[in-house]
Each structure stands twice: as structure tokens, then as C-alpha cells.
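The values are calculated or read from the model by the stated rules, or taken from the named source; none is laboratory data. For clarity, every value in this text was computed on a predicted model and none was experimentally measured. Backbone-built Cβ (ideal geometry, glycine too); neighbour counts: all protein chains shown. These accessible areas exclude ligands, DNA and RNA; they are computed on the full protein's heavy atoms, side chains included. Shrake-Rupley method; radii C 1.70, N 1.55, O 1.52, S 1.80 Å.
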Amino acid sequence: MDILICETCKKTDKIGVIIMKATFVLTPAEARRLIAKAVIQMPEFQKAWKDAYVLLAGGTTNAFIAQELGYEVEPGLCTVGNSTDGLLCVTEPSSRKSFPNVFYKGQPVDKKIDEALQDYHADTVIIKGANAFDQDGHVGIITSGFNGGTVPNFIGYMTSKGLKYICPVGYEKMVPSVPAASRALGGASHIDISMGADPGLYCLSSADIVTEVEAIKAMFHCDAKVVCAGGIGGNEGAHYWAVDGEEADVKALVDFLEKNIKGEPAVQGNKGNCANCRYPGCKYHGLKPEDLP
């Protein structure tokens, strides 16, 4: 059983409110679903959805947000780069089936992200996931495209105008330091052997990071702490959580998890075709499937 409420851990605070603790496991897919549900309830998102632009970049976590907005998509097909099959890889363009990236007043519009940003609205919200984050508030975004991928399309507008940047990212991607990771990686020209795509790493510091902690706090007013991580048999990348809050809130959270989150299927990988790879820096560039290790 994944979710436990500790009846012996009930406490009563000074004004007689019962405080309760619950513990549970969230797999990476379950965490994505929880975070997606929290993002679309954020006041900033709701304001942008009503009066301005919501710019939803590609990515697996954003695909969960698109699903919450009513789009039937397969998250594994909604990204250019991914970490799958034991390496960093880039998907085949023909395999991608994404969702609308630009919404204006709640409706999809035929604009690119940079085009939408030129139509300035102070309440516009940019939503892009990350490949890493740290406890100091930095997010890291892997880039293996020559032009730097999606970030150049919004970073100038975002920083100059102070637009809201929401970064939905689960604890499976927490690292000690994003700036240190960015320096360590250096970029493709500094990598001599790359078993997979040879990338660089953006370090951004102005995002509003939404993890499982923020999602649980915003939706259920409970304090969540990660206890341990990892596992086997489907729990690879999972985290075990301890959550404290008022009795009604904790019970509401547990009920919500059991009805809406637990059992979320894992995101399927979408590895690129090595024989047709456009990234010669990868050690396996041009190899046939039977020649791969």
C-alpha cells in the first residue's frame, strides 16, 4: 500500500486543530500529473488564460498540462530532446505529435512563441519545464540544438519585461547545483566523447519553480518533505513523501491522490534513429540498431 495515514501521529495544536501526517510514494509520472493539476490552478495561470497569453513550450511535463487543458496527446511524443533508453537523445521530427504552444485568452492561436511575445501583455505567462533544478532556485535546461532550442525565443522578452515564468519540474530532477552543472558540462565543443547527444545546459534563475512541494502546498495547504528516493519495479526515479497538515486537508490530499494521481502510467520513451541521427557528436551516430551496445 503506497499511501499511509499515521493515526498515532495525530497532534493537536494550541487552538485544538488536529494535525495529521501522511506518507506516500509518487512515481515521476504521478508527480507530473500532480504538478500539472496545480499549475492550471495557479492565479497567474488563470489570469493569463483569461486576459493574456499562455505560452506552453514543448516537453513531457507540459504535455500533462496540455492534457489537463483537454488535449489528447502522448507526452513522450511532445518533446524534441529526451532522456531515454540509457542516453540523452533527440527524437525523430516525424514522430513528434505535440499540442498548441500559444494560447490567447484561452484559445489556441497560430503564432510562434516569439511572435506572441511581441504582442506584449503584462499578464502573459511562459511555462517551460526543466532538466534540472536546485534548492537555490536555479533551473537547468539541456540544449543540443545549434541555435539553443526554445529558450532564446523567450529569454529576452521575459527578462526585459519581467514576465512570469512558471517551471513545472519534479524532484526526480533535483541536482546539487545547476550553475556548477552548467560549468561542468561546458557545451558540445568541450566534450570529447559523448554517449548520446552532446549538449550544453542553460542556467536560469528567474523561474517560479513548481515541484510536488509547491503543488501540495497550493492545493491542500500541507507541508511536504521528501524522505527518500529511487526504487525498482517501476519505482525508479520515485520519491517517498511525508506530508503534515490539518486533518481535513491531509485526508483530502490522500483522497485526491488515490482518485486522480496514483496509477498514472509511465511516460513512454521516444528514442531517435541512430542511423539517421543529425548529431555527429554522439558516439553512436550513424549506427544500425544491431550495432548499438
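Structure above, values below:
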item	result
Residue satisfying all of: in the range 61-89; of a type in the set (Val, Ile, Thr), at pLDDT below 95 and open to solvent by less than 60 Å² (accessible area, probe 1.4 Å); farthest from the chain's Cα centre (by Cα) among these	Thr84
Lone unmet requirement of (1) more than 20 Å from Ala36 (Cβ to Cβ); (2) crowded, with 22+ Cβ neighbours inside 10 Å; (3) touching a Cys at 6+ places or on another chain (Cβ under 6 Å); (4) not basic (Lys, Arg) for Val139	(1)
Close pairs from the range 270-293: first on the phi > 0 side of the Ramachandran plot, partner assigned to a loop (DSSP other than H, G, I, E, B) and at pLDDT below 90, Cβ under 7 Å, at least 6 apart	Gly286/Cys277
Answer residue from the range 274-287, given it is closer than 16 Å to Gly81 by Cα and open to solvent by 70 Å² or more (accessible area, probe 1.4 Å) and is modelled with the highest pLDDT among those	His285
Qualifying positions in the range 43-60 - in contact (Cβ under 8 Å) with a residue 12 or more places away in the chain and either open to solvent by 30 Å² or more (accessible area, probe 1.4 Å) or touching a Cys at 6+ places or on another chain (Cβ under 7 Å) (or both)	Glu44, Lys47, Trp49, Lys50, Asp51, Gly58, Gly59, Thr60
Every pair of residues 6+ apart whose Cβ atoms lie under 7 Å, when the first sits in the range 159-170 and is more than 14 Å from Gly58 (Cα to Cα) while the second is surrounded by fewer than 22 Cβ atoms within 10 Å (Cβ to Cβ) and acidic (Asp, Glu)	Lys164/Glu44; Lys164/Asp208; Tyr165/Asp208
Which numbered condition Ala22 fails, given (1) open to solvent by less than 40 Å² (accessible area, probe 1.4 Å); (2) within 26 Å of Ile141 (Cβ to Cβ)	(2)
Any hit, the range 114-134, residues being farther than 21 Å from Gly162 by Cβ and surrounded by fewer than 15 Cβ atoms within 10 Å (Cβ to Cβ)	no
Asn101 open to solvent by 20 Å² or more (accessible area, probe 1.4 Å), farther than 25 Å from Asn276 by Cβ, among the polar types (S, T, N, Q) and within 19 Å of the chain's Cα centre (by Cα)	yes
Matching residues in the range 177-207 - criterion: being in contact with a helix residue (DSSP H, G or I) (Cβ under 8 Å, 6 or more places away or on another chain) and under 26 Å from Cys277 (Cα atoms)	Ile191, Ser194, Asp198, Pro199, Gly200, Leu201, Tyr202
Matching residues in the range 217-269 - criterion: being free of Cβ contacts under 8 Å to residues at least 24 places away in the same chain, among the basic types (Lys, Arg) and part of a helix (DSSP H, G or I)	Lys217, Lys259
